[in-house]
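The block underneath contains the structure these notes are about, expressed in structure tokens.
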Amino acid sequence: MQDMGIQVLFEGINFQRLLAGLMVSLNLALISMAFSIVLGIVLGMIMTVKNRLVRLICRIYLETVRIMPQLVLLFLVYFGAAKHFGVDISGEMAAVIVFTFWGTAEMGDLVRSALISIPKHQYESGYSLGMTKLQVYIRIILPQTFRRLLPSGVNLLTRMIKTTSLVVLIGVVEVVKVGKQIIDASRYENPKAALWIYGAIFFLYFAICFPISRLSAVLERRLKT
Amino acid sequence: MKQVILETAGLTKSFDKGNAVLNKIDFSIHQGEVVVIVGPSGCGKSTFLRCLNLLEEADSGEILLEGKLINQEKKNVHKYREQIGMVFQSYELFPHKNVIDNVCLAPLLVQKRNKDEVKEEALKLLKRVGLLEKAESYPRQLSGGQKQRVAIVRALMMHPKVLLLDEITAALDPEMVREVLQVVLELAKEGMTMVIVTHEMEFARAVADRVIFLDRGEILEEEKPEEFFTCPRTERAKKFLNTFHYE
Ligand SMILES: Nc1ncnc2c1ncn2[C@@H]1O[C@H](COP(=O)(O)OP(=O)(O)OP(=O)(O)O)[C@@H](O)[C@H]1O
Ligand SMILES: [Mg+2]
């Protein structure tokens with residue numbers, strides 16, 4: 001049994017440390033997602049305006065973010081900012097900035113397409129009841145937009161959770177980093193540790209992301225209009 | 001003479017530099033009057049109603065609500081729309097709200113009326129149109145005819161000074177047309193001021209105090225329904241009415 005190597009997960013506080021690392025990842029993802037949702041809604045609304053220049057600028061932003069690997073963005077913000085502007089930001093801070101920058105673009109595009117899928121008559125029946133533009137947006141358009149956004153928004157959240165593993169490369173101690181530390185520490189007495197640790201990490205990600213996507217499927221069915 | 005509720009003078013509207021869709025329309029409707037607008041497809045009927053409700057901006061001309069000019073300042077548009085009810089051809093209930101919330105939303109949000117009072121009125125009106133038991137249903141659970149009746153109730157809940165109806169039965173299956181038109185006929189009897197666009201000539205004849213024949217953006221005829229439907233004065237009106245007869 002000694003050679004299975006699974007005991008590495010339960011030695012000392014190894015498993016707690018992995019969980020704590022996972023919380024770091026989750027925290028980064030959730031904070032970035034919260035910012036992305038708020039800013040993405042605003043961006044999505046801006047992207048539906050008639051002004052072509054405004055739309056072009058939004059488009060350029062969106063495409064830039066999509067083309068650039070998130071890792072490059074991370075390095076750019078973390079190392080670039082420190083070097084050129086002399087601002088010393090933490091890895092977590094850089095991560096939140098980058099993921100928000102990315103998430104806002106993706107979210108904005110999702111909001112935009114949900115917004116334009118809502119028939120013009122929904123706006124007009126609101127207006128003809130004497131509602132102001134803002135009231136129509138808040139009470140009629142956005143609630144319907146959210147329903148349409150739910151599946152793709154949750155998909156974005158799970159992608160974001162997974163992508164947070166990149167922050168290991170700018171020195172943030174999250175679940176993958178913790179795993180690596182544990183593996184390094186037990187390299188000699190337990191050569192199979194890597195398999196078990198990464199297996200556990202795989203399982204942890206699954207345990208987080210799977211329920212989220214199930215939940216969205218359930219909500220989607222429940223909210224179906 | 002009863003008070004003039006809604007009035008236009010020289011109302012003109014065109015889309016993208018094209019020909020005028022509405023050409024210098026002079027129109028007025030009195031308290032309690034029912035005006036039916038008929039005319040061939042594309043003659044500008046919907047555009048006219050949409051201008052009255054300020055959903056389209058007229059190029060020139062005036063729109064007056066109870067004598068007050070309403071189409072000059074942009075800022076208070078919603079205040080005027082609140083007083084002009086409109087029901088469209090396509091069912092446009094809010095799909096994420098049930099029937100009672102659909103009809104109560106604007107009175108609560110826009111008019112800030114008392115919740116219990118609004119709900120009580122809503123139930124009363126829903127009962128009148130035979131939909132009391134659907135109060136908790138969602139729009140997707142209703143038939144087209146039921147949706148349109150709810151849409152009428154939703155507009156009535158605002159106590160509009162005038163109600164604009166744009167072909168509200170055009171998208172309905174034939175067997176549902178009557179239940180909706182019945183509601184409109186009752187409203188007319190009660191003295192609701194209405195501008196109605198319809199292709200249902202029988203109904204137009206029954207409900208109208210005055211019929212307006214609109215063609216290519218101009219009012220060609222304007223008279224009592226008996227006269228219009230029995231002996232229209234213009235050739236174009238004759239031709240139009242003949243399209244409803246089968247030999
Ligand atoms: N938003 C718009 N942009 C450009 N043209 C428009 C627009 N809305 C209407 N039109 C044009 O204006 C004319 C009048 O349209 P309108 O919808 O008022 O006609 P209508 O009398 O209501 O016809 P129908 O009986 O088919 O409903 C049509 O030629 C139409 O193509
Ligand atoms: Mg029309």
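Within the option set B:Gly130, B:Gly67, being open to solvent by 20 Å² or more (accessible area, probe 1.4 Å), small (Gly, Ala, Ser) and under 20 Å from B:Arg178 (Cβ atoms) holds for one residue only, B:Gly130. Is it the case, given these coordinates, that B:Glu190 is touching a Phe, Trp or Tyr at 6+ places or on another chain (Cβ under 9 Å) and without any contact (Cβ under 8 Å) to a residue 60 or more places away in the chain? Taking the combined requirement at face value, the residue does not satisfy it. Within the stretch A:130-187, the set of residues being within 14 Å of another protein chain (Cβ to nearest Cβ), at positive phi and open to solvent by 10 Å² or more (accessible area, probe 1.4 Å) is empty.
Restricting the first member to the stretch A:190-213 and to residues that are more than 22 Å from A:Ala29 (Cα to Cα), and the second to residues that are of a type in the set (A, V, I, L, M, F, W, C) and in a helix (DSSP H, G or I), the beta-carbon pairs closer than 6 Å and six or more apart or on different chains are A:Asn190/A:Val8; A:Ala193/A:Val8; A:Ala193/A:Ile183; A:Ala194/A:Ile183; A:Trp196/A:Ile6; A:Trp196/A:Val8; A:Trp196/A:Leu9. For A:Pro119, the criteria (1) open to solvent by 40 Å² or more (accessible area, probe 1.4 Å); (2) within 14 Å of chain B (Cβ to nearest Cβ); (3) closer than 24 Å to A:Ile60 by Cα hold in every case but one, which is (3). Being more than 14 Å from chain A (Cβ to nearest Cβ) and either closer than 22 Å to B:Leu187 by Cα or surrounded by fewer than 21 Cβ atoms within 10 Å (Cβ to Cβ) (or both) is not true of B:His96. The residues of the stretch B:139-194 that are more than 16 Å from ligand 1 (Cβ to nearest atom) and of a type in the set (Asp, Glu), listed by number, are B:Asp173, B:Glu175, B:Glu179, B:Glu186, B:Glu190. The selection criterion, being surrounded by 16 or more Cβ atoms within 10 Å (Cβ to Cβ) and away from every other protein chain (no Cβ under 14 Å), holds for A:Tyr61. Pairs meeting the criteria (first residue in the stretch B:162-181 and farther than 20 Å from B:Ile5 by Cβ, second residue among the acidic types (Asp, Glu), beta carbons under 8 Å, at least 6 apart or on different chains) are B:Thr169/B:Glu200; B:Val177/B:Glu200; B:Leu181/B:Glu200.
If you go through the stretch B:81-92 and keep only what is within 8 Å of chain A (Cβ to nearest Cβ), touching a residue at least 40 places away in the same chain (Cβ under 8 Å) and not small (Gly, Ala, Ser), you end up with B:Glu82, B:Gln83, B:Ile84, B:Met86, B:Phe88, B:Glu92. If we scan the stretch B:154-167, do we find a residue that is open to solvent by 10 Å² or more (accessible area, probe 1.4 Å), within 16 Å of ligand 2 (Cβ to nearest atom) and within 14 Å of chain A (Cβ to nearest Cβ)? Yes, some residue in the stretch B:154-167 is open to solvent by 10 Å² or more (accessible area, probe 1.4 Å), within 16 Å of ligand 2 (Cβ to nearest atom) and within 14 Å of chain A (Cβ to nearest Cβ). I'd like to check something: does the stretch B:56-79 contain any residue that is within 16 Å of ligand 2 (Cβ to nearest atom), in contact with a helix residue (DSSP H, G or I) (Cβ under 7 Å, 6 or more places away or on another chain), within 14 Å of chain A (Cβ to nearest Cβ) and farther than 20 Å from B:Gln148 by Cα? Yes, some residue in the stretch B:56-79 is within 16 Å of ligand 2 (Cβ to nearest atom), in contact with a helix residue (DSSP H, G or I) (Cβ under 7 Å, 6 or more places away or on another chain), within 14 Å of chain A (Cβ to nearest Cβ) and farther than 20 Å from B:Gln148 by Cα.
Taking the criterion of being surrounded by 15 or more Cβ atoms within 10 Å (Cβ to Cβ) and more than 20 Å from B:Ser28 (Cβ to Cβ), the residues of the stretch B:213-235 that qualify are B:Arg216, B:Phe229, B:Pro232. Out of the stretch A:64-86, which residues are hydrophobic (A, V, I, L, M, F, W, C) and open to solvent by less than 70 Å² (accessible area, probe 1.4 Å)? Matches in the stretch A:64-86: A:Val65, A:Met68, A:Leu71, A:Val72, A:Leu73, A:Leu74, A:Val77, A:Ala81, A:Ala82. The condition (being within 14 Å of chain A (Cβ to nearest Cβ), of a type in the set (A, V, I, L, M, F, W, C) and more than 27 Å from B:Leu52 (Cβ to Cβ)) is satisfied by just one residue among B:Leu142, B:Leu123, B:Leu108, B:Leu131: B:Leu142. Among the candidates B:Ser46, B:Ser90, B:Ser41, B:Ser28, the residue that is within 16 Å of ligand 2 (Cβ to nearest atom), closer than 24 Å to B:Glu167 by Cα, surrounded by fewer than 17 Cβ atoms within 10 Å (Cβ to Cβ) and among the polar types (S, T, N, Q) is uniquely B:Ser41.
Listed here are the residues, each with its yes/no results for (1) touching a strand residue (DSSP E or B) at 6+ places or on another chain (Cβ under 7 Å); (2) at pLDDT 95 or above.
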residue	(1), (2)
B:Asn71	yes, no
B:Lys74	no, no
B:Val77	no, no
B:Pro95	no, no
B:Val99	no, yes
B:Cys104	no, yes
B:Pro107	no, yes
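The values are calculated or read from the model by the stated rules, or taken from the named source; none is laboratory data. In this text, all values refer to a predicted model and were calculated from it rather than measured experimentally. Here the Cβ is made from the backbone with ideal geometry for all residues, glycine too, and neighbour counts use every protein chain on show. The accessibility values were calculated without ligands, DNA or RNA, using every heavy atom of the protein model including side chains. Shrake-Rupley method; radii C 1.70, N 1.55, O 1.52, S 1.80 Å.
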